Each structure stands twice: as structure tokens, then as C-alpha cells.
Amino acid sequence: MSTTTLGGSYTFPGTSLTVNRMGYGAMQLAGPGVFGPPKDHDEAVAVLREAVAAGVNHIDTSDYYGPHVTNKIIREALHPYPAGLVIVTKLGARRPEDGSWQPWTSPQNLIDGVHDNLRHLGLDALDIVNYRVMGSGHGPSEGSISQQISTLADLKAEGLIRHIGVSNATHAQIVEAKTITPIVCVQNHYNLANRADDALVDDLARHGIAYVPFFPLGGFTPLQSSTLSSVAAKLGVTPMQVALAWLMQRSPNILLIPGTSSRAHLRENLAAAELTLSADVVAELDGIAATAHVAH
């Protein structure tokens, strides 16, 4: 597969870490419900290797995916890691045997989580660690995160973490975190139909901070829109490629990490980085969020 430009490059603020804007999210490498082993272990390994061969140098993961499954597969597939590969992980949750998602937020929980990630990934230091705020459902909830961010800042001072980000966070939590340590990225729920973070995306762009949308294609309930399907049919591409291309054009600080456990789907996702949407098409797609809001 030929290497594309993958949407151009982006350097995390205040760092030497430069990544291509189209990255890869490892969540789907785990089993159903992001729990247990993958249904096809060899394909999972092959997806990671093809992604990196195609130019992907930003991989998003977490030790609570599986748990431990995706990090172990990443290590098996890619270690020793190629120069320039940025692996971003997250803390703040755990997966007990019943497969639920539970908060895991005490200082000792976070310290243990960093060491688990280091061990399972085979690293001496983690490039970027996001603290994921456990809110209600997929949305954020208010509340101080100073204790958690301070713990990560201490781990950064020890050299175990290089940089810090936040996930599923409100504007107030991001402001609070920035008073404790530099924040290089924010990972929140955002896509064509879920535009609640529009103002935040623009604010972060003004400050040069990366915005990494999770569920860029709708997550466990994929985006469904007659407008999206119509635009895709006219362009001769898939609806999901259009949704990714829209995000690419939405703001230059947006970094994408669509996940998949299939090489064929991986190629589709990466190709979306080369798709340019006209102003008329973007305007048409911008109407999807309003329709989705009315539907709710």
C-alpha cells in the first residue's frame, strides 16, 4: 500500500511529537464490547502493521481495553517501535470480570495504571497519557480533576510520562487541568451529528491544542443520515469516509483515530484523509447536526 499524506502533520504543543493527522484507535482490536481477546488475533496484528506501513504514527490505546488486550497486541505487532511512532494511552477506568466500566481514579490507581501501561507496551516512558473523566454515559460531567491531574504531573516529573491530556472533559475541567500542567490534547465525543464541542474545538485551535474526537463515526451506534448517504453516493465514496473527511476539514487541530479490526476497513479510513469536500458539500453536511438535535 502506498503511503499517503494522511491529512498532513500536526505537532502537539510544547513537544517534539509530530504526527500525521489520520491516526488509528486500537479499541476495536479487543473482543466484543471491548472485552476479551480479538476474534481474529492474526488480523489484529496485521491491521496494526499495515497502519504503520501506510504512514500512521499516532496510535490511541488504553490498558483497560480488553483489559490489557490492545496494549499487548500493539507490543506484539510493533515492538521494537519505529522511530516517530506516538502511542497515546488513557487512565481513569478499569474493567472488572463482569465487563463493566468502573472509575479508577485514586492517585494509587493512576500510578498503578501507568506502570501497567509501561509493562504491557514495553516502554520506559509513555508519550502522552490522557486522564479520562468518567461521566454519565458518553458525556462529560462536572467536578474537580485536580487530584488526578496533579498525580499525572508528578509521574511526568518522575519521567514516566512525557505529556498529559484529558478525555471526556468539560471546558471548566480543561481550564483547571491547564493550571496544573500543560495540556497537549483533549479527547472528547464529537462527530458530524454531535457538535456540542464546536466552541471548544475552536478555542483549543486558537491555543494550538489538539482535539481528538472519539466516536468520530458514531461509535457503538454508527452515524445514520440520508444526507450523509446522498453526499457519499454523489462522490463515489462511503458515508464513513465523508464523515471522516468532514472532521479533517472542520479544524486543523483535529486529529483522527478511527478504529477497526479489518485491513480492508483500515484502507477505507486512511483514504478518507485524501478526500476534499467542497464548500457546498460542507454546508450540506453541517445541517446534519441540527436534524440530529431535533430528532432527540
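Exactly one residue among ASN71, ASN57 is over 14 Å from the mean Cα position of the chain (by Cα) and farther than 16 Å from PHE214 by Cβ, and that residue is ASN71. Quick one: would you say PRO38 is of a type outside the set (Asp, Glu), exposed (fewer than 14 other Cβ atoms within 10 Å of the Cβ), more than 25 Å from ASP154 (Cα to Cα) and more than 17 Å from the chain's Cα centre (by Cα)? No; evaluated as a whole, the condition is false for this residue. Residues that are in contact with a Gly (Cβ under 9 Å, 6 or more places away or on another chain) number at least 3 in the following strands (runs of 3 or more DSSP E) confined to the range 2-81: 18-20, 58-60.
Inside the range 16-35, residues that are polar (S, T, N, Q) and surrounded by 16 or more Cβ atoms within 10 Å (Cβ to Cβ) make up a count of 2.
Restricted to the range 234-296, the set of helices (runs of 4 or more DSSP H) holding at least 3 residues that are basic (Lys, Arg) and buried (at least 22 other Cβ atoms within 10 Å of the Cβ) is empty. Looking only at the range 73-87, decide whether some residue is crowded, with 23+ Cβ neighbours inside 10 Å, among the hydrophobic types (A, V, I, L, M, F, W, C) and at negative phi. Within the range 73-87 (the criterion being crowded, with 23+ Cβ neighbours inside 10 Å, among the hydrophobic types (A, V, I, L, M, F, W, C) and at negative phi), the answer is yes, since at least one residue qualifies. GLY8 meets each of the listed conditions (1) buried (at least 22 other Cβ atoms within 10 Å of the Cβ); (2) closer than 20 Å to GLU268 by Cα apart from (1).
Read-outs throughout are calculated quantities, based only on the coordinates presented, and are distinct from any laboratory measurement. Note that the coordinates shown come from a computational prediction; the quantities given were computed from them, not determined experimentally. Note that we place each Cβ from the backbone using ideal geometry, even for glycine, and neighbour counts take in every protein chain shown.
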